[in-house]
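Have a look at the structure below, then the notes.
The values are calculated or read from the model by the stated rules, or taken from the named source; none is laboratory data. What you are looking at is a predicted structure, and each value in this text was computed from that prediction instead of being measured. Positions of Cβ are backbone-derived with ideal geometry, glycine not excepted, and every protein chain shown enters the neighbour counts. For the accessible areas, the whole protein counts, side chains as well, though only heavy atoms, and no ligand, DNA or RNA atoms are used. Shrake-Rupley method; radii C 1.70, N 1.55, O 1.52, S 1.80 Å.
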Amino acid sequence: MYAGNAWWPLGLILLVSACAGTPGPKGYLEPADVAQREAFGAWIGVRFVSTEMGGELIAVHSDTMFVLNDSVGLEAVPLTSITYARLGWYNAQWGGLAAWTLLGSLSTISHGVGLLVSFPVWVIGGSLATSSVSRGPIVVVRQGDAEGWTLIARYARFPQGMPADLDRTVLRPKPLRP
């Protein structure tokens with residue numbers, strides 16, 4: 001066995017820990033090419049001082065955010081009450097890149113002493129690439145970040161704000177795909 005084999009567990013831990021979890025329930029977020037053609041808003045998870053909520057982002061106004069979920073329906077949330085929000089607007093599908101990183105790392109067994117260089121290159125490069133791809137569809141806003149709310153509004157069902165003549169009782173959440 002090669003001395004470089006002691007790095008394998010560390011490499012696998014780096015690979016797995018580098019990836020961001022996708023916000024929202026399973027089946028909500030679509031791949032990027034589908035998400036940009038959908039009429040639904042992105043999924044947003046919101047944290048308050050003592051509680052949390054999540055749902056489809058419907059609209060963002062200067063002082064209020066509208067979130068639609070199955071349990072409560074449409075809810076108006078004052079932006080000043082939010083301590084942290086995390087939005088996911090598409091499924092990054094980073095699993096394929098992680099698999100290639102793992103296979104590339106495993107292939108370094110055949111490199112002999114070169115494994116001491118090639119294995120860390122595969123692990124570090126692949127982990128950085130996978131991490132970057134997994135975080136691509138995620139936008140985070142913290143309390144007091146007015147520019148962040150302007151950015152997040154782009155991913156709402158109604159990016160320009162809630163239409164004045166909209167019957168809010170007819171809004172339905174996006175059906176989850178299996």
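Starting from residues that are of a type in the set (Gly, Ala, Ser) and part of a helix (DSSP H, G or I), keep the ones in the range 142-175 and report whichever is farthest from the chain's Cα centre (by Cα). Among those that are of a type in the set (Gly, Ala, Ser) and part of a helix (DSSP H, G or I), it is Ala146. Going through (1) of a type in the set (Val, Ile, Thr); (2) at pLDDT 75 or above; (3) within 15 Å of the chain's Cα centre (by Cα) one by one, Val60 falls short only on (3).
A count restricted to the range 152-168 and to residues that are open to solvent by less than 100 Å² (accessible area, probe 1.4 Å) and farther than 13 Å from Met65 by Cα stands at 3. Checking the range 71-85 against the condition returns no match, with no residue being at pLDDT below 85, open to solvent by 40 Å² or more (accessible area, probe 1.4 Å) and touching a helix residue (DSSP H, G or I) at 6+ places or on another chain (Cβ under 7 Å).
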